[in-house]
Structures are given as C-alpha cells and as structure tokens.
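The values are calculated or read from the model by the stated rules, or taken from the named source; none is laboratory data. Note that this is a predicted model, so its numbers are computed, not measured. In this analysis, Cβ positions are derived from the backbone assuming ideal geometry, glycine residues included, and neighbour counts consider all displayed protein chains. Just the protein is used for accessible areas: all its heavy atoms, side chains included, with ligands, DNA and RNA removed. Shrake-Rupley method; radii C 1.70, N 1.55, O 1.52, S 1.80 Å.
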Amino acid sequence: VCSMGNSTSRLYSALAKTLSSSAVSQHQDCLEQHDSAQLDPIDPKDLLEECQIVLRKRPPRFQRNFVNLKKNAASNHRPIRVMQWNILAQALGEGKDNFVQCPMEALKWEERKCLILEEILAYKPDILCLQEVDHYFDTFEPLLSRLGYQCTFFPKPWSPCLDVEQNNGPDGCALFFIKDRFELINSANIRLTAMKLKTNQVAIAQTLKCNETGRLFCIAVTHLKARTGWERFRSAQGCDLLQNLKTITEGAKIPLIICGDFNAEPTEEVYREFSNSSLNLNSAYKLLSPDGQSEPPYTTWKIRPSGECRHTLDYIWYSQHALNVNSALGLLTEEQIGPNRLPSFNYPSDHLSLVCDFSFNQDPDRLL
C-alpha cells in the first residue's frame with residue numbers, strides 16, 4: 001500500500017479489511033465466492049481520486065475516444081457497456097514475462113493496481129471481463145463488489161503464477177456485472193477440453209436478465225492457450241467453448257457476448273470457427289475498420305528477449321442478429337504506446353482494454 005504522506009488513504013482503508021496474504025497464499029478457497037456485502041459501498045469518484053493520489057508521480061493516463069458505430073434510430077434502452085481486458089497477472093509480469101524494456105519499478109503492484117482500477121473507473125463498464133486475474137480476493141472482489149458489481153472468479157487448475165516465488169495464488173478469468181442493471185439467471189464455470197482431455201484453460205458463462213428491458217442474454221469470458229505451435233489446441237478449445245455456449249443459449253435463441261484473450265490472430269482456425277459458427281457471431285472491433293471486415297492491427301504490443309511482439313489476440317464477439325454495437329473505444333496509437341511498448345509507467349498491461357456499447361435489436365429473429 002502506497003504512502004500518502006501524513007494522511008491515511010481511503011483506498012488503503014477499503015483494502016485493509018480484506019487483505020490476508022497468509023490466507024490467500026494457501027490457495028484453498030479460490031472457488032469460493034467471498035461475501036463483501038458487509039462492507040460499505042464506495043463512491044467511485046472517491047476511489048478514482050485515491051488512485052490518482054497514488055499515481056501522482058506517474059505520467060497521466062492515455063486518452064482514448066469512443067467511435068460512434070450506430071447506424072439506425074435511437075434504441076429505447078440504455079446501452080450495455082462491456083469491457084474486455086487481459087490485465088496481466090502480477091506474478092507473471094514480475095516473474096515470468098520478461099518485458100525487457102519495462103522497468104521493474106513500473107510493475108510494482110501497489111501502483112499498478114491503481115492504474116488498472118483507474119482504467120476500469122474511467123470507462124464505467126456495466127459488465128467487466130478480465131483475464132490473468134491473480135489478485136481477485138484481495139483487490140478486485142472486495143473493491144468491485146463495493147462499487148455495486150456481482151463478482152465471479154474461476155482460476156486455472158495449474159496456473160503458471162504458482163511457479164513464481166511469493167505469488168498471490170492462481171490466475172484465472174473473472175466476470176463482474178452491475179447488480180442494479182442485471183439479474184443473474186444462470187452461471188457456469190467451464191473447464192475447456194481439447195481432444196476430449198481437460199485443459200488448463202477456463203471460461204465463465206452467465207445468463208443475465210436486463211432489468212430495464214426484461215431481455216435475457218449470455219455473457220462469457222475466456223482465455224485460450226498461449227504460444228506458437230498450439231494452434232490446433234486453441235481450435236479444439238474454441239470448439240468446446242462454442243459447443244457449451246450453444247447449449248447455454250439454446251442454439252442462439254439467447255443473445256450472446258463473448259470476451260476473451262484468444263491468443264490467436266485472425267488468420268487462425270479458432271477465429272474462423274467463431275466467425276462461421278451457427279451462433280451467428282461477429283467481432284465487434286472489426287466495425288472500426290473502414291470496410292467493417294478487418295480486425296485492428298494490434299491489441300497487444302510488447303518487447304521480450306526474443307524481440308518485439310505485436311499481435312491481435314483479444315476480441316469481443318456478439319450475436320449480430322440480436323445485438324447492435326453502438327460504439328467502440330478506439331485503440332492506443334503507436335505514438336501513445338511509445339518505443340518501449342507495453343506495459344509501462346503509463347499503462348498497466350501488455351494488452352489493451354476493449355470497450356463496446358451494445359443495444360438489443362428490436363426484432364432479432366428476423367435476422368437469424
């Protein structure tokens with residue numbers, strides 16, 4: 001926890017009641033949903049102010065603008081803002097990922113967590129899908145639950161974080177939604193299979209009811225196997241996830257949004273499987289391209305000992321017959337990212353956050 005001069009940080013107060021590193025280090029309660037209802041709500045403005053105090057010696061956060069993609073008449077309900085982000089597991093950032101141009105000082109958790117929170121608070125998502133979360137129980141669940149989110153976490157069975165000394169437990173996927181806007185109808189934690197074998201990758205799929213419209217939809221978050229040479233493995237994992245989602249959505253009757261770090265370029269088979277699925281999916285960030293057919297040039301950009309890595313790996317897929325993309329958050333430019341790439345003192349992860357505003361199509365069956 002960062003020093004605040006002579007005053008005690010309200011951010012510290014928010015975290016102090018839930019920090020228990022000795023308990024976390026045992027990794028035994030990772031599948032339990034901890035109840036933070038007894039903790040007082042936090043005003044997001046106060047939390048943002050505290051984050052900015054902690055980050056006062058760092059450069060200001062990058063400015064990104066939303067691109068309006070709406071073609072038709074105004075929707076009769078508030079859009080649903082969805083945020084997708086691989087936030088970079090702390091244990092991997094410090095212990096395994098070898099970001100050769102990123103100073104270790106930039107990766108200090110006490111400040112990096114505030115950069116992550118600042119990004120979330122800046123965009124105020126109704127639904128937040130995160131990967132590489134290894135500080136769920138001591139940071140994200142206690143804080144985000146007090147901001148009004150319902151929180152779910154599913155760790156990897158054999159997380160590489162556990163190989164790092166002084167780790168904070170396994171990393172995994174986390175899904176958060178604003179309780180005032182949605183009602184949870186069904187939740188499934190999915191351990192992905194490949195060639196009928198269980199793998200180390202996971203997904204969470206939740207069916208929510210929008211309180212304003214009464215409409216059901218499914219939101220899913222996943223993180224597929226990394227690295228070159230594992231393309232067929234990722235393809236099998238993607239097929240398994242799609243099969244699960246077909247069952248959950250009753251064959252696309254329930255609209256679907258899938259957020260994830262697929263670790264796959266658009267040229268890979270798993271991307272084609274999602275594009276050609278009977279669930280009638282489209283990738284939201286394609287809509288930023290002039291023809292609406294091309295993915296962004298990158299969603300991650302880093303420098304490792306092996307060289308520079310610039311790839312498009314992160315996606316927000318959606319049921320194009322049932323949902324409209326009203327707007328999408330533009331990506332950081334190369335100039336903003338800078339020559340040392342990501343992560344940096346400005347930005348906490350090696351992956352960019354993706355944010356989209358969705359609305360329901362008024363006559364989804366007509367387009368299916």
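Taking GLY292 as the residue in question, decide whether it is more than 26 Å from SER344 (Cβ to Cβ) and at pLDDT below 95. Answer is yes for this residue.
Of all residues in region 226-248, none satisfies being open to solvent by 10 Å² or more (accessible area, probe 1.4 Å), of a type in the set (Gly, Ala, Ser), without any contact (Cβ under 8 Å) to a residue 40 or more places away in the chain and farther than 16 Å from LEU313 by Cα. Annotation for region 97-118: at least one member residue is closer than 29 Å to ASN211 by Cβ, out of contact with any helix residue (DSSP H, G or I) (no Cβ under 7 Å at 6 or more places or on another chain), of a type outside the set (Phe, Trp, Tyr) and surrounded by 16 or more Cβ atoms within 10 Å (Cβ to Cβ). Restricting attention to region 123-131, does a residue exist that is among the hydroxyl-bearing types (Ser, Thr, Tyr), open to solvent by 10 Å² or more (accessible area, probe 1.4 Å) and part of a helix (DSSP H, G or I)? The answer is yes; a qualifying residue exists.
Taking region 332-363 as the range and being part of a loop (DSSP other than H, G, I, E, B), surrounded by fewer than 21 Cβ atoms within 10 Å (Cβ to Cβ) and not acidic (Asp, Glu) as the test, the residues that pass are LEU332, THR333, GLY338, PRO339, ASN340, PHE345, ASN346, ASN361, GLN362.
A quick yes/no check of all residues on (1) outside any strand (DSSP E or B); (2) surrounded by fewer than 23 Cβ atoms within 10 Å (Cβ to Cβ); (3) at pLDDT 95 or above; (4) under 18 Å from the mean Cα position of the chain (by Cα):
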position	(1), (2), (3), (4)
PHE140	yes, no, yes, yes
THR152	no, yes, yes, yes
CYS173	no, no, yes, yes
GLU183	no, yes, yes, no
ILE190	no, yes, yes, yes
LYS198	no, yes, yes, no
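Restricted to region 200-228, and to residues there that are under 20 Å from the mean Cα position of the chain (by Cα) and among the charged types (D, E, K, R), the residue that is nearest to HIS135 (Cα to Cα) is LYS225.
One line per residue, one yes/no per condition, for (1) of a type in the set (Ser, Thr, Tyr); (2) on the phi > 0 side of the Ramachandran plot:
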position: LEU216; (1), (2): no, no
position: ALA226; (1), (2): no, no
position: ARG234; (1), (2): no, no
position: GLN243; (1), (2): no, no
position: ALA252; (1), (2): no, yes
position: SER278; (1), (2): yes, no
position: PRO290; (1), (2): no, no
position: PRO296; (1), (2): no, no
